[in-house]
Amino acid sequence: MPGTLYLVATPIGNYDDMTFRALNVLKSADLLIYEERREGERLMRHFGIEKPVETLNEHNEAAASHNILQHLRTGRNVALVSDCGTPVFSDPGRVLVEKAIASGIRIVPVPGASSLMPALTVSGFSIDQFLFYGWLSPKKERRRTELRQLQQERRTIVLMDTPYRLVPLLRDIADVFGSSRRMCIAFNLTLPDEQMLYGTPAALYAGCSSQAMKGEYVIVIEGRVRDRK
């Protein structure tokens with residue numbers, strides 16, 4: 001009988017956000033799959049969990065997915081974790097999930113901490129509908145083209161990017177959206193230096209470019225409002 005593939009969400013910063021269910025799954029799994037070994041080992045060491053380990057990341061996804069599938073077919077239960085948050089969501093793992101589905105492997109999502117929903121709820125914008133756009137292009141001109149395509153979007157827009165691109169990204173958002181749109185930056189969610197920054201793109205660009213802000217963030221941009229009064 002084949003094993004089960006668990007997709008285990010882990011804390012996005014604060015280890016106190018780890019769920020009891022996630023810990024139980026990780027302790028009972030036959031094999032743990034890390035996105036990056038260093039991050040995975042730090043997390044498991046914190047919770048005193050020792051298990052056989054393999055890695056699956058953007059560099060080895062195809063080969064690793066094939067190997068992991070073999071473990072599953074032989075009856076081993078496998079728990080996949082990303083560096084933080086939910087596996088597969090903006091992280092490697094989709095290839096493995098597709099292969100597991102095609103092979104009739106049972107897949108169990110184990111939910112937990114998320115940066116997306118907290119950022120949306122503190123933004124103050126309408127979230128009845130929203131567009132998760134994710135990562136814009138790392139190339140400036142392509143990134144600006146994507147932002148111009150988003151200008152007419154009426155739904156709330158959610159963007160993410162790497163820590164070192166915060167200021168260039170804010171510069172481009174400010175140049176494209178100007179001061180006619182409101183924005184929220186949820187910075188270092190769940191950590192002691194967590195901050196929620198509110199304002200226009202231009203104002204937030206000016207503020208963040210003058211500070212040495214380092215960390216993870218989620219950007220939430222208000223959707224286009226037809227008639228603001």
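The values are calculated or read from the model by the stated rules, or taken from the named source; none is laboratory data. Small disclaimer: the values here were computed from a predicted structure and weren't measured. Neighbour counts are summed over all protein chains in view; Cβ atoms, including those assigned to glycine, are modelled from backbone coordinates with ideal geometry.
Looking only at residues in region 195-222 that are touching a Leu at 6+ places or on another chain (Cβ under 8 Å) and assigned to a loop (DSSP other than H, G, I, E, B), the one that is surrounded by the most Cβ atoms within 10 Å (Cβ to Cβ) is Glu216.
The listed residues are Pro192, Pro168, Pro163, and the only one of them that is surrounded by 14 or more Cβ atoms within 10 Å (Cβ to Cβ) and under 30 Å from Asn14 (Cβ atoms) turns out to be Pro168. Can you tell me which of Asn77, Asn67 is of a type outside the set (A, V, I, L, M, F, W, C) and farther than 29 Å from Asp17 by Cα? Criteria check complete, one pass: Asn67.
Quick check on Leu120: is it part of a helix (DSSP H, G or I), in the same structural domain as Gln151 (by TED's automatic domain parsing) and of a type in the set (A, V, I, L, M)? When the stated conditions are applied, Leu120 passes them.
Evaluate the following for Glu36: is it surrounded by 11 or more Cβ atoms within 10 Å (Cβ to Cβ) and modelled with pLDDT under 95? Yes, satisfied. Is it true that some residue in region 90-106 is under 23 Å from Leu26 (Cβ atoms), free of Cβ contacts under 8 Å to residues at least 12 places away in the same chain, surrounded by fewer than 15 Cβ atoms within 10 Å (Cβ to Cβ) and among the β-branched types (Val, Ile, Thr)? Yes; the residues of region 90-106 include at least one that is under 23 Å from Leu26 (Cβ atoms), free of Cβ contacts under 8 Å to residues at least 12 places away in the same chain, surrounded by fewer than 15 Cβ atoms within 10 Å (Cβ to Cβ) and among the β-branched types (Val, Ile, Thr). The residues on offer are Ser82, Ser137, and the sole one that is small (Gly, Ala, Ser), in a loop (DSSP other than H, G, I, E, B) and not assigned by TED's automatic domain parsing to the domain that holds Leu31 is Ser137.
Restricted to helices (runs of 4 or more DSSP H) entirely inside region 1-79, those with at least 3 residues that are free of Cβ contacts under 8 Å to residues at least 24 places away in the same chain and within 21 Å of Ser90 (Cβ to Cβ) are 37-46.
Count of region 153-180 residues, restricted to those that are in a loop (DSSP other than H, G, I, E, B), under 15 Å from Gly134 (Cα atoms) and of a type in the set (S, T, N, Q), is 1. Taking the numbered list (1) under 18 Å from the mean Cα position of the chain (by Cα); (2) exposed (fewer than 14 other Cβ atoms within 10 Å of the Cβ); (3) under 14 Å from Leu96 (Cα atoms) in turn, Ala63 passes all entries but (1).
Taking the conditions exactly as written (at pLDDT 95 or above, part of a helix (DSSP H, G or I) and not assigned by TED's automatic domain parsing to the domain that holds Tyr15), does Leu147 satisfy them or not? Answer is yes for this residue. Considering region 181-194, the residues that are closer than 16 Å to Ile157 by Cα and in a loop (DSSP other than H, G, I, E, B) include one that is nearest to the chain's Cα centre (by Cα), namely Arg182.
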